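Here the structure comes first, spelled out in structure tokens, and everything after it is commentary.
The values are calculated or read from the model by the stated rules, or taken from the named source; none is laboratory data. In this text the structure is predicted, and so the values were computed from the model without any measurement. Virtual Cβ from ideal backbone geometry, glycine too; neighbours counted across all protein chains shown. Only protein heavy atoms, including side chains, enter the accessible area calculation; ligands, DNA and RNA are left aside. Shrake-Rupley method; radii C 1.70, N 1.55, O 1.52, S 1.80 Å.
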Amino acid sequence: MSKGGTPKIWNLEHQLIGRSTWYFDEVESTSNFALTFASDERNNGIAIFADEQKAGRGQYGRVWTAAKGQAVLLSVLLFPPPFLNRPALLTAWVAVAVCTTIENFLGIRAAIKWPNDILVDRKKISGILIEQTKGTVVGIGLNVLQASHEFAIEGLPLATSMQQFSPHPLNTHEVAKQLLANLDEDYQLLLLGLKQKLERDWVRGIGLLGKEVQLEEQGKKHRGRLLKQSFESLEIETSLGIKLSFVPENIRHLEELINYAEGQP
Ligand code: BTN
């Protein structure tokens with residue numbers, strides 16, 4: 001599966017996530033490679049990092065491209081206990097760890113675009129792909145070094161990278177290691193049942209509480225003020241004063257409704 005030859009191993013002093021990280025110059029897809037370990041639960045927490053992917057996969061069957069050495073391309077194999085085995089929770093965990101990593105290096109707060117894109121300055125800096133077949137494979141693409149003209153050439157004017165917000169040169173391997181450390185730290189809290197901090201950071205990252213929103217659940221659009229957001233449910237109040245509750249996993253889109261008051265969706 002790997003065309004990258006013999007991997008290097010990063011033995012990181014973590015509790016679980018990335019304790020053993022396999023680093024390749026090149027693979028087809030770090031998520032595909034992580035999946036090859038999924039028949040053995042002793043591989044829980046193993047991470048695969050690559051400088052380049054030949055067939056990187058994105059959400060909704062799209063491709064994920066990044067020029068060699070320009071992005072963090074990372075996948076983690078997990079066997080979460082049943083109480084953590086919920087897409088909404090795992091997505092929030094990864095999204096918050098990516099935001100924390102960005103803040104660690106750049107001192108700025110990224111935003112989480114529901115459910116699993118990370119934006120800086122309204123442009124996409126990172127995407128997350130969580131796949132649950134045998135085990136759970138968490139795939140993260142985080143743009144680090146690309147210049148804006150490179151995204152323009154790729155036809156991605158709404159993408160950005162960390163380097164565009166830093167006066168200092170960044171290093172993808174340092175960013176990847178910090179991301180793994182953040183994932184590890186927060187996962188330990190989750191294993192202990194301590195979800196509150198993650199939930200708070202997730203709600204803050206989404207940044208829509210109290211705002212007029214539009215959401216899509218099973219093909220149907222709903223509008224209202226977002227009254228509550230937790231891992232259990234999201235609650236909106238419509239303009240008619242009706243309260244509606246949704247399970248996070250059933251919500252496909254959630255976005256701010258601009259000019260709602262003026263009736264201009
Ligand atoms: C998205 O479409 O926004 C999600 C992109 C996820 C891309 C990452 S890169 C590392 C991992 N390996 C893959 O093949 N995909 C994910």
Practice task
Under 1.5 on a/c is rounded, so check that first for segment 151-246, then, if it is not, pick prolate when a/b is larger than b/c and oblate when it is not; a ≥ b ≥ c are the square roots of the alpha carbon gyration tensor eigenvalues.
Solution key: oblate
Handout entry: Most positive-pole-ward Cα, Ala92, Ser239, Gln15, against dipole of the chain from beta carbon charges
Key = Ser239
Completion exercise
Of Val63, Val175, ordered by accessible area with the largest first and a 1.4 Å probe, the sequence is Val63, Val175
Completion exercise
Carbon and sulfur atoms account, in whole percent of the 1.4 Å probe accessible area of segment 1-84, for 50 percent
Problem - Per residue accessible area in Å² of segment 208-262, where ligands, DNA and RNA are left out and the probe is 1.4 Å - result: 58 Å²
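Divide by every residue of the chain the summed helix terms, -39500 (n - 2.57) for each DSSP H run of at least 4, and state the resulting mean residue ellipticity at 222 nm, rounded to the nearest 500 deg cm²/dmol.
It lands at -7500 deg cm²/dmol.
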Completion exercise
Expected field for Phe165, accessible surface area in Å² at 1.4 Å probe radius, rounded to 10, holds 70 Å²
Exercise for the section: Report the normalised scattering of segment 87-243 as log10 I(q)/I(0) at q = 0.19, 0.21 Å⁻¹, calculated by the Debye formula with identical scatterers on the alpha carbons. Expected result: -1.23, -1.37
Fill in the blank from the handout: Largest fluctuation, Ala111, Ala97, Ala147 only, Gaussian network model of the chain with Cα springs under 10 angstrom, belongs to Ala147
Fill in the blank from the handout: Here, segment 56-134 modelled as identical Cα point scatterers in vacuum has Debye log10 I(q)/I(0) at q = 0.17, 0.19 Å⁻¹ of -0.75, -0.93
Practice task
Over every pair of different alpha-carbon atoms in segment 8-204, take the mean of 1/r and invert it; report that Kirkwood radius in Å.
Solution key: 16.6 Å
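Please compute the per residue accessible area over segment 8-204 with all protein chains in place, 1.4 Å probe, rounded to a whole number of Å².
Per residue, segment 8-204 has 45 Å² of solvent-accessible surface.
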Exercise for the section: Using just the alpha carbons, could you tell me how many Å³ per residue the convex hull of segment 208-262 encloses? Expected result: 72 Å³
Exercise for the section: List the aspartates and glutamates whose Cα lies under 19 Å from the Cα of Lys220, skipping any in the same chain that are fewer than 8 positions away. Expected result: Glu212, Glu235, Glu237, Glu249, Glu255, Glu256
Exercise for the section: For helix 172-191, report the angle its Cα long axis makes with the longest principal axis of the Cα atoms of the chain; keep it between 0 and 90° and round to the nearest 10°. Expected result: 60 degrees
Exercise for the section: Under 14 Å Cα to Cα from Lys54, which aspartates and glutamates show up? Leave out anything in the same chain fewer than 8 places away. Expected result: Asp25, Glu26, Glu28
Fill in the blank from the handout: In nm², the average projected area of the convex hull spanned by the Cα atoms of segment 1-102 is 7.2 nm²
Practice task
Using Cα centres only, tell me the gap between segment 158-221 and segment 33-83 in whole Å.
Solution key: 17 Å
Exercise for the section: For the chain, find the longest principal axis of its Cα atoms and tell me its angle to the long axis of helix 196-206, 0 to 90°, nearest 10. Expected result: 70 degrees
